[in-house]
Amino acid sequence: MAVFSLMLVVFSLTTGEFVVSGILPDVAGGLAIPLSAAGLLTTAYAIGMIAGGPIVTLLTARVSRKPLIIGLVTAAVLANAASAVAPGYPLLLVSRVLAGLVVATFFAVAIATAAAEARPGRQASAVAKVALGLNLGIVLGAPLGTVVGQHLGWRATFWSVSAAAALALLAVLRFVPDRPSSTTGPVTGELRVFADRRVQLAIALTAAGNVGVLTVFTYLAPLLTEVGGFPAGAVPVLLLGYGAGAVLGNTVGARLADRALLPSLAGLFAVLAGVLALAWLAAGNQLATVVSTVVLGALAFAIVPGMQTRVITAAGAAPTLAVAVNASGYQLAAAFAGWLGGEVIDTGGPRPIYLVAAALTLGGLGIALYSLRQDRRVSV
């Protein structure tokens, strides 16, 4: 039940992050702001995670795990409630920053713990189990939150996220045992891990490898309605398809990473770039859009276990801090994606986002191939 409780936390936090994509037009209409401005809500959340990852993790490094989890989840409950009652756009932006502050540290604690308890050679599979809550947040949370927003208003969506996090907190209080912090030496000593070239490349891989597909996901609602020709009511169903692909991709990606970490990542990045380019070519065809949406969900999460495992294995003695900073790297990509997608839309409409995303994904492929080459040189 402890694992289920933590998974429920991941589910609620993930829903709070990704549901904004589905209600973006509703937020823009409700606050009378441009769609590109609404997209910056994703950037605001990402900024919170970017700052919160290293800072919150360092400040709480010596805190016992259960009190830390309770504090982080409580902050998430309050921040999402603040989003629901925000009277205007500026305060809504601030509340999204606050909501993101605690997420990277929570994910880092959960992922590092799972990897540490896994059998040798099974770290990626352990990470995938933790990420199941993330997948469920996309499969169920984001579509359900979108339906709530479309029928009851976008504020009701944030109230729902806050309630889900509160339920998760009750489960944590009941079932999660307390464990001491793993940090025994000086907290600042953990910062030395970032001098390792392999850790630097692993974090860069996460940021560069995700920025393209995150740009697509942030503006998926307008891509589906304005370019794909689907009605707004179809967006939750298509998000469900994206999430179903994510669950499959997460499982397959974990198995590939356990067998051959960097080679599998390089191959997945190459396929992802190709699918994004094909999505641009076929964007006006509804059947092709449905297929590409599901496949993109699968590929976007097939790369996650491998990237997380790469950071953990490279970090060695300070995996929690490294994973937290890696989560910040992911959110740096999300922040850039929210801004970039808005610029693309303002310039030429939503459709070119697919092509821009394909080009950006090639950056992740380049880093993966370079890292693989460096590893092979060391092993010779």
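The values are calculated or read from the model by the stated rules, or taken from the named source; none is laboratory data. Note that this is a predicted model, so its numbers are computed, not measured. A quick note on method: Cβ atoms are made from the backbone with ideal geometry, for glycine too, and the neighbour counts reach across all protein chains shown. Accessible surface is based on the protein model in full, side chains and every heavy atom, while ligands, DNA and RNA are left aside. Shrake-Rupley method; radii C 1.70, N 1.55, O 1.52, S 1.80 Å.
Which number in (1) closer than 25 Å to ALA108 by Cβ; (2) surrounded by 21 or more Cβ atoms within 10 Å (Cβ to Cβ); (3) β-branched (Val, Ile, Thr); (4) at pLDDT 85 or above marks the one condition that THR320 misses?
Only one criterion in (1) closer than 25 Å to ALA108 by Cβ; (2) surrounded by 21 or more Cβ atoms within 10 Å (Cβ to Cβ); (3) β-branched (Val, Ile, Thr); (4) at pLDDT 85 or above is unmet by THR320, namely (4).
Give the residue, chosen from THR42, THR15, that is closer than 21 Å to HIS151 by Cα and under 12 Å from the mean Cα position of the chain (by Cα).
That would be THR15, the only listed residue that is closer than 21 Å to HIS151 by Cα and under 12 Å from the mean Cα position of the chain (by Cα).
Answer yes or no: is there a residue in segment 65-81 that is open to solvent by 10 Å² or more (accessible area, probe 1.4 Å), of a type in the set (Val, Ile, Thr), over 29 Å from PHE194 (Cβ atoms) and over 18 Å from the mean Cα position of the chain (by Cα).
Yes, segment 65-81 has at least one match.
Using the structure shown, decide if PRO305 is in contact (Cβ under 8 Å) with a residue 60 or more places away in the chain and surrounded by fewer than 24 Cβ atoms within 10 Å (Cβ to Cβ).
Here the answer is no, as PRO305 does not meet what is asked.
List every residue pair whose Cβ atoms lie under 8 Å apart, where the two residues are 6 or more positions apart in sequence or sit on different chains, the first residue falls within segment 201-219 and is farther than 15 Å from LEU238 by Cβ, and the second residue, located anywhere, is of a type in the set (Lys, Arg).
ALA202/ARG310; LEU205/ARG310
For segment 13-39, give me each residue that is hydroxyl-bearing (Ser, Thr, Tyr) and either within 12 Å of PRO222 (Cα to Cα) or part of a loop (DSSP other than H, G, I, E, B) (or both).
If the condition is that a residue be hydroxyl-bearing (Ser, Thr, Tyr) and either within 12 Å of PRO222 (Cα to Cα) or part of a loop (DSSP other than H, G, I, E, B) (or both), then SER21, SER36 are the ones that fit.
Among (1) over 25 Å from ASP26 (Cα atoms); (2) in contact with a Ser or Thr (Cβ under 7 Å, 6 or more places away or on another chain), where does LEU299 come up short?
So LEU299 meets the others, but not (2).
Of all residues in segment 208-218, how many are modelled with pLDDT under 90 and either of a type in the set (Phe, Trp, Tyr) or open to solvent by 20 Å² or more (accessible area, probe 1.4 Å) (or both)?
1
Quick check on my filter: what residues within segment 122-135 are touching a Gly at 6+ places or on another chain (Cβ under 8 Å) and either at pLDDT below 70 or of a type in the set (A, V, I, L, M) (or both)?
Once the filter is applied, which keeps residues that are touching a Gly at 6+ places or on another chain (Cβ under 8 Å) and either at pLDDT below 70 or of a type in the set (A, V, I, L, M) (or both), segment 122-135 yields ALA124, ALA128.
Inspect segment 262-279 for any residue being modelled with pLDDT under 90, assigned to a helix (DSSP H, G or I) and open to solvent by 20 Å² or more (accessible area, probe 1.4 Å) and give the result as yes or no.
No, segment 262-279 contains no residue that is modelled with pLDDT under 90, assigned to a helix (DSSP H, G or I) and open to solvent by 20 Å² or more (accessible area, probe 1.4 Å).
Kindly list the number of the only condition in (1) open to solvent by 10 Å² or more (accessible area, probe 1.4 Å); (2) in contact (Cβ under 8 Å) with a residue 40 or more places away in the chain; (3) under 30 Å from VAL147 (Cα atoms); (4) outside any loop (DSSP other than H, G, I, E, B) that fails for SER292.
That leaves (2) as the condition not met.
Is it the case, given these coordinates, that TRP154 is at pLDDT 70 or above, buried (at least 24 other Cβ atoms within 10 Å of the Cβ) and more than 15 Å from VAL9 (Cβ to Cβ)?
Here the answer is yes, as TRP154 does meet what is asked.
Could you tell me how many of the residues in segment 219-234 are within 20 Å of ALA37 (Cα to Cα) and either of a type in the set (D, E, K, R) or buried (at least 20 other Cβ atoms within 10 Å of the Cβ) (or both)?
8
Take the residues in segment 191-207 that are open to solvent by 30 Å² or more (accessible area, probe 1.4 Å) and small (Gly, Ala, Ser), then tell me which one is nearest to LEU41 (Cα to Cα).
Applying the filter and picking the extreme gives ALA204.
Which pairs have Cβ atoms under 7 Å, sit 6 or more apart or on different chains, and link a residue in segment 82-96 that is farther than 19 Å from ILE47 by Cβ to one that is open to solvent by 40 Å² or more (accessible area, probe 1.4 Å) and at pLDDT 95 or above?
Partner pairs satisfying both residue conditions: ALA84/ARG155; ALA84/TRP159.
I'm told ALA244 meets every condition in (1) open to solvent by less than 50 Å² (accessible area, probe 1.4 Å); (2) under 16 Å from the mean Cα position of the chain (by Cα); (3) at pLDDT below 90 except one. Can you identify the failing condition by its number?
Of everything listed in (1) open to solvent by less than 50 Å² (accessible area, probe 1.4 Å); (2) under 16 Å from the mean Cα position of the chain (by Cα); (3) at pLDDT below 90, ALA244 misses just condition (1).
This table checks each residue for (1) surrounded by 22 or more Cβ atoms within 10 Å (Cβ to Cβ); (2) at pLDDT 75 or above; (3) under 18 Å from the mean Cα position of the chain (by Cα); (4) not in a helix (DSSP H, G or I).
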| position | (1), (2), (3), (4) |
| --- | --- |
| LEU92 | yes, yes, no, no |
| ARG96 | yes, yes, yes, no |
| THR113 | no, no, no, no |
| PRO120 | no, no, no, yes |
| GLY137 | yes, yes, yes, no |
| GLY149 | yes, yes, no, no |
| LEU173 | no, yes, no, no |
